[in-house]
Amino acid sequence: ARPAGAGLGARMRALGAALRDPRLRPLYAASLLATLAVAAMEATLSLWADRRWGLSPAGVAYLFAYVGAAAVLVQGVLVGRLARRLGERRLARAGAVALAVGLAGIPLAPSPWLLAAALAAFAFGQGTLTPSLSSLVSRAAPGGEQGRLLGVSQSLSALGRVLGPLAGGVAFARL
């Protein structure tokens with residue numbers, strides 16, 4: 001038997017209620033937009049790198065490995081220290097700014113060295129913003145609701161992962 005409240009209607013009502021919460025709505029929006037932007041970049045980086053730099057698939061793989069290694073370093077070493085020093089809200093803002101700078105810098109990079117710097121900013125932004133938003137959602141949730149409200153955040157991130165490649169492909173084709 002299905003647990004009470006597990007039907008689609010109940011889930012949609014719970015989602016609507018979570019999205020109406022003024023403390024959580026900006027966090028959910030940030031999570032959706034950040035994930036959408038990251039997914040768009042990931043979907044188009046190989047196309048752009050080939051067109052702009054003539055990079056082979058192996059060269060693009062090195063770019064992704066660099067971003068992944070930087071993100072692991074940020075999340076594994078820096079996030080905890082920075083969160084204690086700055087607080088999650090300021091760290092999330094710094095992460096959002098770094099993510100935006102990195103995303104803007106990637107297509108504008110005039111050299112591979114500046115591309116590496118833009119990718120580092122991107123990795124720092126993604127590596128600090130994502131855990132900070134999750135922590136902020138958890139802290140804003142009423143007692144006993146953290147799991148459900150973090151699930152809403154993850155659902156919106158999944159939507160961003162679906163829509164991001166589509167948006168990135170359209171932007172790449174048009175811009």
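The values are calculated or read from the model by the stated rules, or taken from the named source; none is laboratory data. None of these values were measured; they are calculated from a predicted model. Here the Cβ positions follow ideal geometry from the backbone for every residue, glycine too, while neighbour counts run over all protein chains shown. Only protein heavy atoms, including side chains, enter the accessible area calculation; ligands, DNA and RNA are left aside. Shrake-Rupley method; radii C 1.70, N 1.55, O 1.52, S 1.80 Å.
Among the numbered conditions (1) under 21 Å from Leu136 (Cα atoms); (2) surrounded by 14 or more Cβ atoms within 10 Å (Cβ to Cβ), the only one that Arg85 does not meet is (2). Of the residues making up region 54-95, those that are more than 18 Å from the chain's Cα centre (by Cα) and hydroxyl-bearing (Ser, Thr, Tyr) number 2.
For region 28-57, the tally of residues that are over 30 Å from Ala18 (Cβ atoms) and assigned to a helix (DSSP H, G or I) stands at 11.
From the list Arg93, Arg174, Arg161, the one residue that fits, being of a type outside the set (A, V, I, L, M), open to solvent by 70 Å² or more (accessible area, probe 1.4 Å), out of contact with any His (no Cβ under 6 Å at 6 or more places or on another chain) and more than 21 Å from Thr44 (Cα to Cα), is Arg93. The C-beta contact set for region 116-142 (first residue within 18 Å of Ser153 (Cα to Cα) and open to solvent by 30 Å² or more (accessible area, probe 1.4 Å), second residue of a type in the set (Val, Ile, Thr) and part of a helix (DSSP H, G or I), distance under 7 angstrom, 6+ apart or interchain) comprises Gln126/Val38; Pro131/Val79. When each of Leu99, Leu166, Leu149, Leu82 is tested for being under 30 Å from Leu8 (Cα atoms), modelled with pLDDT of 95 or more and either hydrophobic (A, V, I, L, M, F, W, C) or not in a helix (DSSP H, G or I) (or both), the lone residue that passes is Leu166.
The set of residues in region 19-47 being within 20 Å of the chain's Cα centre (by Cα), of a type outside the set (A, V, I, L, M) and open to solvent by less than 60 Å² (accessible area, probe 1.4 Å) consists of Tyr28, Ser31, Thr35, Thr44, Ser46. Looking at (1) closer than 24 Å to Gly160 by Cα; (2) modelled with pLDDT under 95, which is the only condition Ala94 fails? The failed condition is (2).
Taken over region 143-175, the residue count meeting the criterion of being within 18 Å of Arg20 (Cα to Cα), free of Cβ contacts under 8 Å to residues at least 24 places away in the same chain and hydrophobic (A, V, I, L, M, F, W, C) is 1.
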